[in-house]
Amino acid sequence: MTSTEQLQNLAAIRKLKTEPPDVREFNGLLLAAKRMLPDAELEQLSPHSRFQLAYDAAHSLALAALRWHGYRASDRYIVFQTLPHTLNFPQGKWRLLDNCHQKRNVALYEGAFQEDERLISELIGVTKDLLVEVEKLPPISSTF
């Protein structure tokens, strides 16, 4: 099954909804990620802040990739799970992002953030890889 068919199947079961890509939204998501990612590397910030900044940058980029394809996710976590279909992103990398989503939820809803510098470093690295892939996408106007 092709990536396009996978995305269409997710839309059919209402995990995604179709919505035409918007250049301004895409550019805004990309810019937001580019602003957050350098801050995530600032050692003087708390580990929680660095994690949140890197996670939010990754989410913005994954959402930008999904929006580029003309979809919007019904749930926040779906943007990471669609990365193999939107960017051909490697399984190990998108699974790390999915794991970070779960850790973000525990921190946000249960107040239980466990500092893990190694995870933060890996998250920043994967987010940088994600940025490279999103920046390779052709302009929206030339695809739709």
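The values are calculated or read from the model by the stated rules, or taken from the named source; none is laboratory data. Quantities reported herein were computed from a predicted structural model and do not represent experimental measurements. Cβ atoms come from the backbone with ideal geometry, glycine included; neighbour counts cover every protein chain shown.
At-a-glance table
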| read-out | value |
| --- | --- |
| Filter result (farther than 23 Å from residue 60 by Cβ and not hydroxyl-bearing (Ser, Thr, Tyr)) within segment 1-13 | 1, 5, 8, 9, 12, 13 |
| Failed condition for residue 109, given (1) modelled with pLDDT under 95; (2) touching a strand residue (DSSP E or B) at 6+ places or on another chain (Cβ under 7 Å) | (2) |
| Counted residues, segment 5-48 - those being at negative phi and in contact (Cβ under 8 Å) with a residue 40 or more places away in the chain | 23 |
| Failed criterion for residue 60 (all others in (1) within 30 Å of residue 114 (Cβ to Cβ); (2) at pLDDT below 95 hold) | (2) |
| Yes/no for residue 3 being at pLDDT 95 or above, surrounded by 13 or more Cβ atoms within 10 Å (Cβ to Cβ) and not aliphatic (A, V, I, L, M) | no |
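Residues are listed down the side, and each one gets a yes or a no for (1) exposed (fewer than 13 other Cβ atoms within 10 Å of the Cβ); (2) over 12 Å from the mean Cα position of the chain (by Cα); (3) modelled with pLDDT of 95 or more:
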| residue | (1), (2), (3) |
| --- | --- |
| 67 | no, no, yes |
| 87 | no, no, yes |
| 96 | no, no, yes |
| 103 | no, yes, no |
| 115 | yes, yes, no |
| 122 | no, yes, yes |
